[in-house]
1. What are the residue pairs meeting all of these: first residue in the range 1-19, first residue touching a residue at least 24 places away in the same chain (Cβ under 8 Å), second residue of a type in the set (Phe, Trp, Tyr), Cβ atoms under 8 Å, and 6 or more apart or on different chains?
2. Based on this model, can you work out whether residue 78 counts as open to solvent by 80 Å² or more (accessible area, probe 1.4 Å), in a helix (DSSP H, G or I), at pLDDT below 90 and small (Gly, Ala, Ser)?
3. Within the group 66, 2, which residue is of a type in the set (A, V, I, L, M, F, W, C) and over 43 Å from the mean Cα position of the chain (by Cα)?
4. Quick check, is residue 140 surrounded by 14 or more Cβ atoms within 10 Å (Cβ to Cβ), at pLDDT 70 or above and over 30 Å from residue 224 (Cα atoms)?
5. Which residue pairs have Cβ atoms closer than 7 Å, lie 6 or more positions apart in sequence or on different chains, and pair a first residue in the range 213-227 that is at negative phi and β-branched (Val, Ile, Thr) with a second residue that is part of a helix (DSSP H, G or I) and open to solvent by less than 50 Å² (accessible area, probe 1.4 Å)?
6. Considering only the range 20-43, state which residues are without any contact (Cβ under 8 Å) to a residue 12 or more places away in the chain and open to solvent by less than 80 Å² (accessible area, probe 1.4 Å).
7. Regarding the range 217-234, can at least one residue be identified that is surrounded by 15 or more Cβ atoms within 10 Å (Cβ to Cβ), of a type in the set (Gly, Ala, Ser), more than 26 Å from the chain's Cα centre (by Cα) and at pLDDT 75 or above?
8. Would you confirm whether any residue within the range 81-98 is of a type in the set (A, V, I, L, M, F, W, C), modelled with pLDDT of 80 or more, in contact with a helix residue (DSSP H, G or I) (Cβ under 8 Å, 6 or more places away or on another chain) and open to solvent by less than 100 Å² (accessible area, probe 1.4 Å)?
Amino acid sequence: SIIRRQRQELKLLIAELRDRDRELNDMVAVHERHIQAWEDDRQKILSLAERCSLLTSELNERNAIIKSLTKKLKLLESQHNDSKITLENTQQKFKELTQKVTDSSVHCQALEEKNQSLHCSVLELSAKTGQLQAREQELLRMLQLKDKALIETTDQITEVTSKFKTLENALRAAKLEEFSRNREQQDLKLTLKDVVFQVNKMKDVLSEKMKESSKHQEEISHLKHENGCLRSELILAVEEAQRKDQLYQFTKSKQMRIEKELSSLRQVCVKQQRDLHFLHVNLESSQDSMQ
């Protein structure tokens, strides 16, 4: 019954580990999709940064044109109306460019919000890894308890073997005593007429010894059977310890894989922070150039 219960516990543990494995695989797939989406957003951000730099260069060019036009206005007051029209056109283009810059800043804010959501997902992953580590500690404690039970069974087997040896010694002593009794019986046959009463007594004693020897043989056979059962239990306990060791190795490999995924996610977060810093620098430079 203990072995069946332990096997059922092992089956439940294996099923739970399989469920954990499926959950981890689903989580890995979801995080891979998140990373792919983040990479796409990163490419979009880089393209927007390039466009922002182009727009800033265009703004600088427009500013140079405006300066040249103001100089021409001072020199060519006779062509004031034409220069005024061109100035209004350039101001309209400037407004359009500023609108584009504001749109790009709004898009950057949306990307920052998405980065915050990715950071929250990374925190959730770290919490789940903590839970898995706690589960691993529980499994280690269970393994230690099973090791103690194995040591106790080995001690019981040694005690049974010592008892078996003592019973074998007692059986040998009984056989030697029986042999001596037979010799005494042969000697007493020579003087059978004189000591018939003593011979009957000796026969009674011999029958009692035979009964005791049969009892000893039954006990020895029973102890042999118990020894076989204990050996089979020891083999099953060793197999159970090996299975638990395999389960521990399996959980350890799962934990290593989770740590690798976490390190990759941390690297992605570092890259994302660098890109955001780069975008902030570009945005500040564009704002300075606009001012």
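The values are calculated or read from the model by the stated rules, or taken from the named source; none is laboratory data. Because the structure is predicted, anything quoted here is derived from the model rather than measured. Heads up, the Cβs are rebuilt from the backbone with ideal geometry, glycines too, and the neighbour counts pull from every protein chain shown. SASA here: full protein model, heavy atoms, side chains in, ligands and nucleic acids out. Shrake-Rupley method; radii C 1.70, N 1.55, O 1.52, S 1.80 Å.
1. 17/250
2. Yes: the conditions hold for residue 78.
3. Unique residue meeting the criteria: 66.
4. Criteria not met by residue 140.
5. Taking only residues 6 or more apart or on different chains, the pairs are 220/167; 220/171.
6. 25, 29, 30, 37, 39, 40
7. Among the residues of the range 217-234, not one is surrounded by 15 or more Cβ atoms within 10 Å (Cβ to Cβ), of a type in the set (Gly, Ala, Ser), more than 26 Å from the chain's Cα centre (by Cα) and at pLDDT 75 or above, which makes the answer no.
8. Within the range 81-98, not a single residue is of a type in the set (A, V, I, L, M, F, W, C), modelled with pLDDT of 80 or more, in contact with a helix residue (DSSP H, G or I) (Cβ under 8 Å, 6 or more places away or on another chain) and open to solvent by less than 100 Å² (accessible area, probe 1.4 Å).
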